[in-house]
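Peer 1: Sharing a structure, written as structure tokens. Questions coming.
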Amino acid sequence: METDYLQALGAGGGFDTKQIVTALVAAEKAGKQSSIDRRTADVDTKLSGIGQLKSALQTLQTSFARVDDKADFNFSSLTNSAPAMVSANFDATSALPGTYTLTVSQLAKNDVIISSEYSDISSNQATASVTIQVGSGSVETVTLAAGATTLNDLVDGINALTANVSARIVETSVGAFRVVVEGPQGTSNALTINDTVFGLVTPSNKIQTAQNATVTVNGLLVSSASNQISGVVPGLKLNLMSETTTDVVLSVSRDTSAAKASINDLVASYNVFEGIIRGLTASGTPTMEGGALKSDASVTAIREKVRGFLTSDSSTPGATKMGMSDIGVSLQRNGTFKVNDTALSAALTSDYTDITKMFSADTNNQSSYDGASRGIAGDIVHQITSYLAFDGLIKTREGSYSNETKYLSVEQSDLDKKMAAIQTRYTQQFSTMSRIMDEMKATQDYLESSLGNLPFTSKND
């Protein structure tokens, strides 16, 4: 609640002093306040607009980044004639199209050795020292001292070794127990065990012998210590599950539908970007307000630069497909692009390698400092990266508008302080004026009273 300082001082000039002071201050402040308000609204609008532009650029960059590497075009599908015998973990981004015929002549196995048979797993045996070696690795020893030589003690000792060996107790029949010791798969991982107590060295107690898997892939014989084989077929990790009596056929084919979907997505993303930037740069009409960045020529330049990558030939054209128009993507009169589905499908079927090069320059993870051409997608991603960089156009504009906001805040604070001082001065001036008027009024009343009491006045005739 505002205080009427004149009334508080006992002044009584017969007028609303607070209202007069407030009106005078408001009149003096109006012009400057209007200027600050107008400029603040303008910079807030620009900050909002640059935020929208930044978001649109980031979304566009994400869409084109999905096809800016050669590896991004490794869209493939897999068919398997015998998944129960050979399964395959499939990486569609790295698998190469082709047909691969496999035969599995043997699976990888590990040494499996059993102990002698015991009727009690908790009874102590003789003190023992058991040594175990995996392949040509280090020899490790399990020492069982008197009073700690049960089958459980043996199993615990083996499982505590650093070697890749495991042990467990199995009840092979009612009241009959054996310790089962297993090593890793592969011929080179055969177990060498020395033991004088538990029967682990008995030849007949080796119930499975370590061996490598052998598989033939398109005539190439491959030996592996594991039943999981990588590197023979790019993009495929083979899981050998059984020996085969007939060929297993794995077929990797190019999936053009995935590439087609990616190209459609990036065109749609550009069209959204075009709509946003068109609104931000609209010049306005007598009945419609202009865009938030209508006076910023650099924003229009961004639009023209990005559009130029899509309307010109690629910086790394293919032999027959050189630009977007060659694959059925055309620029419309409203500034958006339209995809001819039939033409795009045909181009992907007949000129897939051209399209890959056209978008990605046949490169992967190209350095941002590399000055070489990058293809349509790579060039757009690189250009947007420069716009969004710490010293790029977007960041520069954000900083400029933020600084202007700070300056306007300081200007508003200064104006408020100045108006407060003026209000104090006016209040003091009107207080003085009101006091003078009160004194003049009192003098008037005194004179009128004195003159009215004189003997020659008409009142006393």
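Peer 1: Listed residues T40, T103; which is at pLDDT 95 or above and within 45 Å of the chain's Cα centre (by Cα)? Write out each step before concluding.
Peer 2: Details: T40 fails: at pLDDT 95 or above.
Only one candidate passes the filter, namely T103.
Peer 1: Restricting the search to the range 400-454, which residues are among the β-branched types (V, I, T), under 20 Å from S34 (Cβ atoms) and either at pLDDT below 80 or surrounded by fewer than 12 Cβ atoms within 10 Å (Cβ to Cβ) (or both)?
Peer 2: To start, the set of residues in the range 400-454 that are among the β-branched types (V, I, T) comprises 405, 410, 422, 424, 427, 432, 436, 443.
In the following step, the residues that additionally are under 20 Å from S34 (Cβ atoms) were identified as 405, 410, 422.
Within the range 400-454, V410 is the sole residue that qualifies.
Peer 1: While we're here: Considering only residues that are crowded, with 18+ Cβ neighbours inside 10 Å and either at pLDDT 95 or above or more than 52 Å from the chain's Cα centre (by Cα) (or both), look in the range 151-176 and name the one that is farthest from Y118 (Cα to Cα).
Peer 2: First, the residues of the range 151-176 that are crowded, with 18+ Cβ neighbours inside 10 Å: 151, 153-155, 157-158, 163, 165, 167.
Now drop any that are not either at pLDDT 95 or above or more than 52 Å from the chain's Cα centre (by Cα) (or both), which leaves 151, 153-155, 157-158, 165, 167.
Details: L151: 9, D153: 14, L154: 13, V155: 14, G157: 18, I158: 18, V165: 22, A167: 16 Å.
That would be V165.
Peer 1: Please name all residue pairs, on different chains or six or more residues apart, with Cβ atoms under 9 Å, provided the first residue is in the range 85-113 and is over 11 Å from E243 (Cβ atoms) and assigned by TED's automatic domain parsing to the domain that holds N239 and the second residue is aromatic (F, W, Y) and at pLDDT 95 or above.
Peer 2: none
Peer 1: How many residues, within the range 110-133, are out of contact with any helix residue (DSSP H, G or I) (no Cβ under 9 Å at 6 or more places or on another chain), of a type outside the set (S, T, N, Q) and part of a strand (DSSP E or B)? If you could, list the steps in order and put the result at the bottom.
Peer 2: Filtering the range 110-133 down to residues out of contact with any helix residue (DSSP H, G or I) (no Cβ under 9 Å at 6 or more places or on another chain) leaves 112, 117, 119, 126-127, 129, 131, 133.
Imposing the further condition that a residue be of a type outside the set (S, T, N, Q) reduces the set to 112, 117, 126.
Retained after the next criterion (residues that are part of a strand (DSSP E or B)): 112.
Result for the range 110-133: 1.
Peer 1: Next question. Does any residue of the range 408-429 turn out to be among the hydrophobic types (A, V, I, L, M, F, W, C), touching a residue at least 24 places away in the same chain (Cβ under 8 Å), assigned by TED's automatic domain parsing to the domain that holds L266 and under 30 Å from I50 (Cβ atoms)?
Peer 2: yes
Peer 1: Give the number of residues within the range 94-109 that are among the basic types (K, R) and part of a loop (DSSP other than H, G, I, E, B). If you could, list the steps in order and put the result at the bottom.
Peer 2: Taking the range 94-109 as the starting set, the residues that turn out to be among the basic types (K, R) are 109.
When the remaining residues are screened for being part of a loop (DSSP other than H, G, I, E, B), the result is none.
Number of matching residues: 0.
Peer 1: Answer with yes or no whether R278 is within 28 Å of the chain's Cα centre (by Cα) and not assigned by TED's automatic domain parsing to the domain that holds P97.
Peer 2: So R278 passes the test.
Peer 1: Collect the residues in the range 49-91 that are closer than 30 Å to T216 by Cα, modelled with pLDDT of 90 or more and in a loop (DSSP other than H, G, I, E, B), keeping them in residue-number order.
Peer 2: S81, A82, P83, A84, M85 - these are the residues of the range 49-91 that are closer than 30 Å to T216 by Cα, modelled with pLDDT of 90 or more and in a loop (DSSP other than H, G, I, E, B).
Peer 1: Looking at the structure I just gave you, is S77 farther than 30 Å from S166 by Cα, surrounded by fewer than 17 Cβ atoms within 10 Å (Cβ to Cβ), among the polar types (S, T, N, Q) and in contact (Cβ under 8 Å) with a residue 24 or more places away in the chain? Let's see the steps before the verdict.
Peer 2: Values: farther than 30 Å from S166 by Cα: yes; surrounded by fewer than 17 Cβ atoms within 10 Å (Cβ to Cβ): yes; among the polar types (S, T, N, Q): yes; in contact (Cβ under 8 Å) with a residue 24 or more places away in the chain: yes.
Taking the combined requirement at face value, the residue satisfies it.
Peer 1: Looking only at the range 357-389, which residues are surrounded by fewer than 23 Cβ atoms within 10 Å (Cβ to Cβ), polar (S, T, N, Q) and closer than 11 Å to S315 by Cα?
Peer 2: Answer for the range 357-389, where residues must be surrounded by fewer than 23 Cβ atoms within 10 Å (Cβ to Cβ), polar (S, T, N, Q) and closer than 11 Å to S315 by Cα: just S373.
The values are calculated or read from the model by the stated rules, or taken from the named source; none is laboratory data. Fair warning: this is a prediction, and the values are worked out from it, not measured in the lab. A quick note on method: Cβ atoms are made from the backbone with ideal geometry, for glycine too, and the neighbour counts reach across all protein chains shown.
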